[in-house]
Amino acid sequence: MADIKIDSKVFQERVSHFVNAWKADKRSGDALFGAVSSIVILMGKVDANPEFHKNNAMHFWLLGYEFPTTLMLFTLDTIYILTTQKKAKYLDQIKGGRYPVEVLVRGKNAAENEKLFIKITDAIKAAGPRLGVLSKDTSKGPFIDEWKKSFAENCKDMEEVDVSQALSAGAFSVKDESELRAMRTSSKACVALLTPFFLDEMSNILDSEEKIKHSALADKVYNKLEDEKFWKTVELPNGQKLPPDFDPEQLDWILGPVVQSGGKFDLKWQADNDNDILHPGVIIAAMGLRYKSYCSQIARTYMVDPNKTQENNYKFLLAVQNLITKEIRDGVVIKDLYNKAYNFVKSKKPELEKHFLKNIGYGIGLENKDTTLILNAKNSRALRDGMTLCVTIGFNDIPNPTPKDKNGKVYSLVLTDTIRVTTSEPVIFTAEAPNEVDATSFFFKDEEETQPTPKKEKKDSRVGAVATKNITSTRLRSERTAAAEDDSDKRRREHQKQLAARKQKDGLAKYAESTTDQNGEEIKKFKRFESYKRDNQFPPKVRDMGIVIDPKNATIVLPVMGRPVPFHINTIKNASKSDEGEWSFLRINFLSPGQGVGRKDDQPFEDASAHFVRSLTFRSTDGDRYAEIANQLSNLKRDAVKKEQEKKDMEDVVEQDKLVEIRNRRPAVLDNVFIRPAMEGKRVPGKLEIHQNGIRYQSPLSTQQRVDILFSNVRHLFFQPCQHELIVIIHIHLKDPIIIGNKKKTKDVQFYREATDIQFDETGNRKRKYRYGDEDEFEAEQEERRRRAELDRLFKGFAEKIAEAGRNENIEVDMPLREIGFNGVPFRSNVYIQPTTECLIQITEPPFMVLTLDDIECAHLERVQFGLKNFDLVFVFKDFSRAPYHINTIPVESLEDVKEFLDSSDIAFSEGPLNLNWSVIMKTVTHNTHQFFVDGGWGFLQNDSDDDDGAEEESEESAFEIDESELDEASESSEEDSEYDSNASEEASEEDASDDDEGDDWDEMERKLKKRERDGGDEEEEKAASKKKQRKR
């Protein structure tokens, strides 16, 4: 005991706290301490296997150590400690404080020792007639016997009162921060031994079908306590390690470890581990540790190939635990807590009522079990903030309706956690050890996956070998195409009219009352900024009455009328420095209402009659100083604006819950994949893992470089094959943005692998990685196709595993339909945009585009007119505060495909020849949405497109509407003007007829052709001669 150091400050604080509680109880009626005037605490000889009770706890609470063969006497004004010479030397450290301490030293002289006992008894009698003792104290030894003899002789009329509950309430139960810190560390150590060590050991044993005794498995866990390397490297289920100042030497066992299975269960943890073989059914593991004298416990139930009844009962156990956990808070009476849990079991599952435990836990801390804080139906104590409880929820010996063997006829279920009571929700110190059904269930049976049989297409009994679509009423192919296009266009027009009418009706119903939001703009308020709350927070330099810049508080302090006046940087517009002769001037302009030339600078009036300082000007001969101040102000203003913008950007970023890792088996892994957006550092492939409530991407560079995505935050899951692409992709679109690597938020996370084979064609002494010659091209193409197909199969299978793991969040794999995609420019580059079942996406190259079809209110096609090669597409969202989305420069060849896609997706669309000013349109919509729909809503877009269509139809019809008189005049004029053409056509028709009638051979036809050419040449010469004659005349 050479290195014993007692913290005298903690001793004095805790003694004062205890005595103050004692005095307060006396003033309020002695309900807790029983009107005792003194309290005696005895410690006898320490056993080989010591049990920790309230006498031990008092020593640890006050001194931090246990002093055997020591007596402590507490009165309201002094504490007496009777101990040996060796121990008394260490107790000198606690003397001289506010609460007097008198140390009495025993020796080997029996007579002197008897005098010391008499001095203690005299102090007891002087304090009062009632002495507080621990009635269940089991201290033994010669020292205890001597004291009992002296007390019986000298204090015959003294009344003894049990103060166990008073010590619990006044000293041990409510813990300070240092005690809670020790309990948290103790709980983490329990979690580390249970999960991962015990869980991994048990899983490996079950997986290899190894036979092991309960006692042998418990010994493995027991011996791990001495393994310092384990404690330095172990990771908790949440990926964290134990605290840096963790000392394994301070750990000690208080319970177990206990391992039970095979139908023999004792949930009181009183029986030792037996030598039965670990049974693969229901397995219970429990353990408790003490760290720096403070205890914690944990227990979990693991099920191997459970049946539905066992799973349902375990889920019900979780429901009971959640109910109790929600009810634990400051002020709750213990018996009310137990009765609420009991009534819940009785009402929901009455068959489990008789199997429910008689108590649901107890207080824990310095004592491994505080008997005055038993959580049962009889305890009327109230919980207090700072208490720590060992909460045990369990059902004992439940009959199994479908046992696999004789050892599985009955089973028990239990969950134990160490919990801290607070004024609101409790803190579960052992929460890192998962207790969900998926985390505690093991399945080793091979389940045959039944593949759904493909549905057979129904055949029409009226149709034989000829397909129905080939039976048409038209005779010519051109007629069929035109008729089909007309029918399709007519059907689409009718459908769009229905969609437009439905949108108008829904809009009127949704915005039934007048809604306005100040022209769609945020209502500006007069902002107030506080630099300092008190005068003493000013920088010391303000005493010099100079200009002081305080970057820490984003403030500049200016001397005004002989007093330092602080101005927050957000009240300053700008600062400038100018020179005139030998003087330098510093002008500081402030933001004030009515002076801003732009909307951003404009400030609202809080008080129209108030006066505002627009600028302050200072003069000095030190021009360099003013230049430095102006520069510092500019930098401070820039940093403040940047900080405000970053804060605004991060407003919609939510903190995800913790990822619950799979510990009872290896998680599904997709290795050698890259992530986009890229993480910081070198670009290297990592691995993607599927866990209980999400997925994790782990970089090989560091364990801290990882990205966790919870299933609850996944909105869409896409798989894009590497067909026609260079990469194969698993893409996740999130509900709420998260932060990745470079501290930028993103709603899209992508995992990909390159599908192309890396080829080198290098010269010199370096070898090629692959030698591809002309003779091997075919083989290389075959290998490329095979590798791409294998990549598609691997990534698609992993995406389906993600969807299966997140089925509770309704996650499904969606694939793009490349056949109906189109090119467009959503950002700056021309990309290929593809529809899916629920979205319109572009995920091949960043920035990504994911538009959910359900979020779209309507679409508008711009620049749709004859002669233009491209058109634009604008999507308006149902959330009118969201800016419309533009996809520009879509080839006009894709116009019909885009229209068909929008129509088949039940998206109302319109078209027009010009680009619209959507900022003005959306401002009109958000200004008064109700009035917007009353005035026709989106019909103004539809009306424009209808007018254009009507004009086209009229122009088409006018080409064929002609009077008979005009037709006669046109025919006469054509006959007069084109005699040669008519004659030529008549001759050609006669020759064609003669050719058809005579059926000349090739030689005869060649002679006729030469004759025709010769005759034609003579006619041309005659015409040319006649024209020359006309010119001469």
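The values are calculated or read from the model by the stated rules, or taken from the named source; none is laboratory data. For clarity, every value in this text was computed on a predicted model and none was experimentally measured. So basically every Cβ, Gly included, is an ideal-geometry build from the backbone, and we count neighbours across all protein chains shown. Protein only, heavy atoms only, side chains kept; ligands, DNA and RNA dropped before computing areas. Shrake-Rupley method; radii C 1.70, N 1.55, O 1.52, S 1.80 Å.
Worth a mention:
- Backbone amide hydrogens, once placed in the peptide plane, bring Ser615 within less than 5 Å of Phe590, excluding anything fewer than 5 places away on its chain.
- Of Lys220/Lys241; Lys95/Lys156; Lys354/Lys409, those spanning more than 23 Å from alpha-carbon to alpha-carbon: Lys95/Lys156
- Within the range 317-413, the proportion of C-alpha pairs whose separation exceeds 15 Å stands at 63%.
- For the range 79-106 versus the range 715-754, the spacing of their alpha-carbon centroids is 69 Å.
- Take each peptide in 110-119, 879-888, count the other Cβ atoms within 10 Å of every residue, and average; sorted highest first, the result is 879-888, 110-119.
- Accessible area (Å², per residue) of the range 854-896, counting only protein heavy atoms and a probe of 1.4 Å: 47 Å²
- 32 Å Cα-Cα threshold exceeded, pairs from Lys136/Lys315; Lys747/Lys923; Lys687/Lys744; Lys45/Lys326; Lys573/Lys747; Lys188/Lys687: Lys136/Lys315; Lys45/Lys326; Lys573/Lys747
- Modelled spin labels at Glu351 and Thr78, positioned 7 Å past Cα toward Cβ, are 6.9 nm from each other.
- Peptides 202-213, 307-318 ranked from most to least packed give 307-318, 202-213, packing being the mean of other C-beta atoms within 10 angstrom over each peptide's residues.
- FRET efficiency, Gln498 to Arg882 (Cβ-Cβ, R0 22 Å, nearest 0.05): 0.30
- Listed peptides 377-390, 357-370, 787-800, 575-588 by packing density, highest first (mean Cβ within 10 Å): 357-370, 377-390, 787-800, 575-588
- For the range 12-99, the share of accessible area belonging to carbon and sulfur comes to 50 percent (1.4 Å probe, ligands and nucleic acids excluded).
- Separation of alpha-carbon centers, the range 837-873 and the range 523-582, rounded to whole Å: 51 Å
- Cut-off under 5 Å, modelled amide H: who pairs with Asp162 long-range: Val133
- A simple count of charges around Ile205, restricted to other residues whose Cβ falls under 12 Å of its Cβ and scoring Lys, Arg +1 and Asp, Glu -1, yields -2.
- R0 of 25 Å, Cβ-Cβ distance Ala31-Thr138: FRET efficiency to nearest 0.05: 0.35
- Accessible carbon and sulfur surface of the range 243-328 relative to its total accessible area, %, 1.4 Å: 45 percent
- For the pair Leu868 and Glu646, label points projected 7 Å from Cα toward Cβ lie 4.3 nm apart.
- Entries in Lys497/Lys869; Lys23/Lys340; Lys119/Lys175; Lys108/Lys140; Lys9/Lys87; Lys115/Lys140 that, when Cα-Cα distance is taken, lie over 30 Å: Lys23/Lys340; Lys119/Lys175
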